[in-house]
C-alpha cells in the first residue's frame with residue numbers, strides 16, 4: 001500500500017471513529033458537566049447553610065457529650081517529624097483524646113526519637129484482637145509520667161492499613177481518627193469533626209474533614225503559623241484539585257447523603273462500627289474508600305439508621321507531591337484503588353436497598369471518576385490526529401477545547417469563590433492570581449499526564465500486577481520556605 | 001452552522017461566567033477588607049472605655065456611661081463586640097455591658113428580631129437575649145425551640161441554658177426528638193447542664209422518651225449531675241434499651257451514682273453475649289462504684305478472652321482496697337494484671 005493510500009485509509013478510519021463516537025461523547029460531555037453543575041448547586045446550598053451556622057456560631061468547647069477520640073497515627077520511617085507531630089496532636093484543643101502511634105517496623109530512628117522525647121516505658125499489655133492483624137506486635141509503650149495520653153505500639157512492617165488496624169485494637173476511646181503522621185491538624189480540628197457525633201450520637205458513624213496542601217506554608221512546632229501558596233506549580237495545581245474535591249465534590253455529596261469517600265489523611269469513625277466491619281482491608285489499595293463502602297453496605301444491609309457526614313471546615317493539612325514521579329505513583333494508586341473498590345461493590349449498583357449510594361453516588365463514580373480518564377485519553381489521541389489529517393475544522397476544534405477546559409476552570413473558580421467567602425485562608429492577593437493561573441495551567445499538560453497515570457493504575461490492576469507502594473519524599477515542615 | 005453557533009455561544013457563556021467568578025472572588029475579599037477596616041475605625045474611639053468595663057475597672061460607671069452614648073453605625077459595631085465579649089466574661093463587667101445593650105435598645109430589638117424573616121437575625125437575637133439573661137423572654141425562647149431553622153433552635157437552647165430557668169428544661173429535652181426539627185443533642189445537653197437541680201424530674205421522664213438521642217442525653221446528664229432519682233430508669237435503660245449507645249451511657253451513669261444493689265445489674269451485662277463496648281463500660285462502672293460486692297465478678301473477668309476487659313477488671317480491682325488486691329493473688333503473671341499495676345504505679349507517681 002502506498003503512503004497516500006495509508007494516509008487516506010487512516011483518514012477514513014478517524015472520520016468513522018469520530019462519526020461513531022461524536023454523539024456519545026457529546027452526551028457524556030453534557031452529562032458530566034451537568035452533574036458538576038448539580039454538585040456545585042448542592043455545595044452552594046450546603047455552604048449557605050454553613051455560612052448561616054458560622055454567622056450564628058456558638059462557642060463549643062466539647063463539654064458534655066463530646067465523645068473521646070483516639071488519634072491513630074501509623075508511622076513508617078518518620079524520624080524527621082514524628083515527635084513534632086505527636087506533640088502537636090497531644091496539644092489539640094479537645095477535652096478527651098489520646099494519641100496511638102504505631103511504628104510499622106521502621107528501619108530508621110522513629111521509635112528511638114519517640115522513646116527519648118516522651119520517656120517511654122514498656123507496658124506488658126496484650127492488645128485485643130477485635131480487628132484481625134497478621135503482623136506480629138513487638139511491644140507497647142507509654143510515657144513514664146503517667147499523664148500524657150500517648151500509646152506507642154511497635155510491630156513488624158506490614159503496611160499502613162495493618163498499622164491502623166493495630167492502632168484500632170490499641171485505641172480506648174469511642175471514636176477513632178485516622179491521620180497520617182505527616183499531617184497537621186488545625187488546633188480546633190477535632191472540635192469541628194466530632195461535633196456531628198455530639199449532635200447526633202446514636203446515628204453518626206463517620207465524618208470526614210477538608211484537607212488542604214501544606215506545601216509552602218510556614219509551620220512551627222507542628223502548627224501552621226502562616227498559610228502560603230506552594231512554591232512550585234505541581235503542588236499549586238494540586239491545591240486547586242483539593243479545593244474542587246473538598247469544597248464542591250464532597251460537600252455536595254454530603255448534602256444529598258451520598259458521601260462514599262473519606263480521605264485517608266483525616267477521617268473520624270465510631271470505633272465499634274469499624275471493629276464490626278473488620279477494620280481496614282490490608283489487601284486493598286484504596287483502603288479508605290473501601291472502608292467507607294463497607295460501612296455503608298453493612299448499615300444498609302441491616303437496615304440501620306445511620307449518617308456519614310462531611311465537615312467542610314479545613315481540618316487537616318498535608319504535604320502533597322512536588323515531583324512528577326511521586327505524583328504519578330500517587331495517581332496510579334488512587335485510580336487503581338477506585339477501580340478495585342468500585343468493582344468489589346458493584347453489587348450495590350441500582351439496588352433499592354442502597355438508596356442514594358446505589359442509585360446516585362456509585363453510578364457517578366463509575367461514570368465520571370473511573371471512566372472519565374479513558375474518554376479523555378480517547379480525546380487526547382483522536383483530536384490531534386484528526387487535526388493532523390485535516391479531517392476536522394481547526395477553529396471548531398479549538399473552540400471545543402476552549403469550551404471543555406473553560407468549563408473545568410469555571411468549576412475551579414466556583415470552589416475559589418466558596419473558599420474566599422467561607423474560609424479565606426490565604427491572606428495575600430497574590431494567592432488569588434496564582435490559584436487562577438493554576439486552574440488554567442492545570443489543563444495544559446498536567447491534566448493529560450494525570451489521565452495517563454490514572455489509566456496506568458487501572459491497567460496494572462486489570463493485568464493483576466502487584467502494587468508497589470512508592471516512597472513519598474517529605475521536605476519537612478519546620479522551616480521557613482520564604 | 002447551527003452547531004458552530006451553539007459552540008461559540010456556549011464558549012462565550014462559559015468564559016463570561018469565569019470572568020464573573022474572578023470578579024466575585026476579588027469583590028468578596030475587597031468587601032471583607034473594607035468592612036474590617038471600617039469596623040476597626042468606628043470602634044477605635046470606644047475601645048478604651050470598652051476595655052475598662054470588660055476588665056472590671058469601671059468602678060464609678062463612667063466608662064459604661066460613655067459606651068451608652070454611641071450612636072448610628074458605631075453603636076451597631078459596638079453592640080456586636082459587646083455580644084462577643086459577653087460570651088467570655090461574667091459578673092459585674094457582664095452586667096455593665098448588658099446595661100449598655102439595654103440603653104441602646106438592643107434587648108428590645110432582639111425581642112422583635114425573634115420573628116424576623118432572616119434566620120441569622122432570629123438566631124443572633126436569641127443569643128443576645130440569653131447573654132443579657134433576659135428572663136422575661138423565656139416563653140419566647142421556648143417557642144423558638146421549634147423554629148424551622150436549626151441555627152435558631154440551637155441559639156434558643158443556648159440562650160435558655162444561659163438564663164438557667166429550669167422551667168425550660170422540659171421543652172429543651174423534648175426538642176431533641178422533634179420530628180424534622182430536632183435540636184442537636186450536644187446543644188441540648190449543654191443548655192440543660194446549666195439549669196440547676198430542678199431538672200431531675202424532667203430528665204427522669206426523658207429517659208422514657210421514644211427518641212434514642214433524648215434518652216441518651218437524659219441518661220448522660222442524670223449521671224453527670226448525680227441525680228439519684230433517675231436510677232430506676234437508668235437500670236431499665238441498661239437492661240433493655242434497643243440502642244447500645246444509650247445502654248453504655250446508662251452504665252457509665254450508674255457507675256457515677258449507683259448503689260450496692262447496682263453491682264448485680266452491671267455484672268449481668270459483663271457476660272460475653274453482650275456487646276464488647278457495653279461490657280467494658282460496665283466493668284469501668286463497677287470500678288467507679290468501688291463496691292466490694294463486685295470483686296468476685298471482676299476476678300472472673302481477669303481471665304476474659306478480651307485483654308482490654310481483663311485489664312479494666314484488674315484496674316478496677318486495684319482501686320478496691322484489700323478485697324480487690326487479694327482477688328489479684330494468683331494472677332500476678334497475667335499480662336492484664338501486670339499492665340494494670342504498672343499503669344496504676346505510673347499514675348500514682350505522677351500524682
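Some notes on this structure:
- Lone qualifier among A:125, A:154 - being in a loop (DSSP other than H, G, I, E, B) and either over 26 Å from the mean Cα position of the chain (by Cα) or surrounded by 21 or more Cβ atoms within 10 Å (Cβ to Cβ) (or both): A:125
- Members of region B:133-143 that are surrounded by 21 or more Cβ atoms within 10 Å (Cβ to Cβ) and under 20 Å from the mean Cα position of the chain (by Cα): B:141
- Highlighted here are the helices (runs of 4 or more DSSP H) found entirely within region B:84-192 that include at least 2 residues which are farther than 19 Å from residue A:57 by Cβ and within 14 Å of another protein chain (Cβ to nearest Cβ): B:169-176.
- Total residues in region A:72-87 satisfying the condition of being part of a loop (DSSP other than H, G, I, E, B) and farther than 16 Å from residue A:157 by Cα: the figure is 2.
- Among the conditions (1) surrounded by fewer than 22 Cβ atoms within 10 Å (Cβ to Cβ); (2) on the phi < 0 side of the Ramachandran plot, the only one that residue A:101 does not satisfy is (1).
- The test for being within 25 Å of residue A:417 (Cβ to Cβ) and either within 21 Å of the chain's Cα centre (by Cα) or within 14 Å of chain B (Cβ to nearest Cβ) (or both) holds for residue A:243.
- Residue check for residue A:237: touching a strand residue (DSSP E or B) at 6+ places or on another chain (Cβ under 6 Å) and buried (at least 22 other Cβ atoms within 10 Å of the Cβ): no
- When residues of region A:292-320 are limited to those that are outside any strand (DSSP E or B) and touching a strand residue (DSSP E or B) at 6+ places or on another chain (Cβ under 8 Å), the one nearest to residue B:212 (Cα to Cα): A:306
- When residue A:380 is tested against (1) modelled with pLDDT of 85 or more; (2) crowded, with 16+ Cβ neighbours inside 10 Å; (3) more than 19 Å from residue A:250 (Cα to Cα); (4) more than 7 Å from chain B (Cβ to nearest Cβ), just one condition goes unmet, and that condition is (2).
- Residue match in region A:200-218 (condition: within 20 Å of the chain's Cα centre (by Cα), buried (at least 21 other Cβ atoms within 10 Å of the Cβ) and assigned to a helix (DSSP H, G or I)): no
- Region A:195-228: number of residues that are under 30 Å from residue B:176 (Cα atoms) and touching a helix residue (DSSP H, G or I) at 6+ places or on another chain (Cβ under 9 Å): 15
- Any hit, region A:146-164, residues being more than 25 Å from residue A:266 (Cβ to Cβ), within 12 Å of chain B (Cβ to nearest Cβ) and in contact with a helix residue (DSSP H, G or I) (Cβ under 8 Å, 6 or more places away or on another chain): yes
- Scanning region B:307-330 for residues that are assigned to a loop (DSSP other than H, G, I, E, B) and crowded, with 19+ Cβ neighbours inside 10 Å turns up B:320, B:328.
- Residues of region B:62-79 include none that is part of a helix (DSSP H, G or I), within 13 Å of another protein chain (Cβ to nearest Cβ), under 26 Å from residue B:187 (Cβ atoms) and touching a helix residue (DSSP H, G or I) at 6+ places or on another chain (Cβ under 8 Å).
The values are calculated or read from the model by the stated rules, or taken from the named source; none is laboratory data. Model, not experiment: these values are computed from the prediction. Glycine gets a Cβ as well: all are built from the backbone with ideal geometry, and neighbour counts include every protein chain shown.
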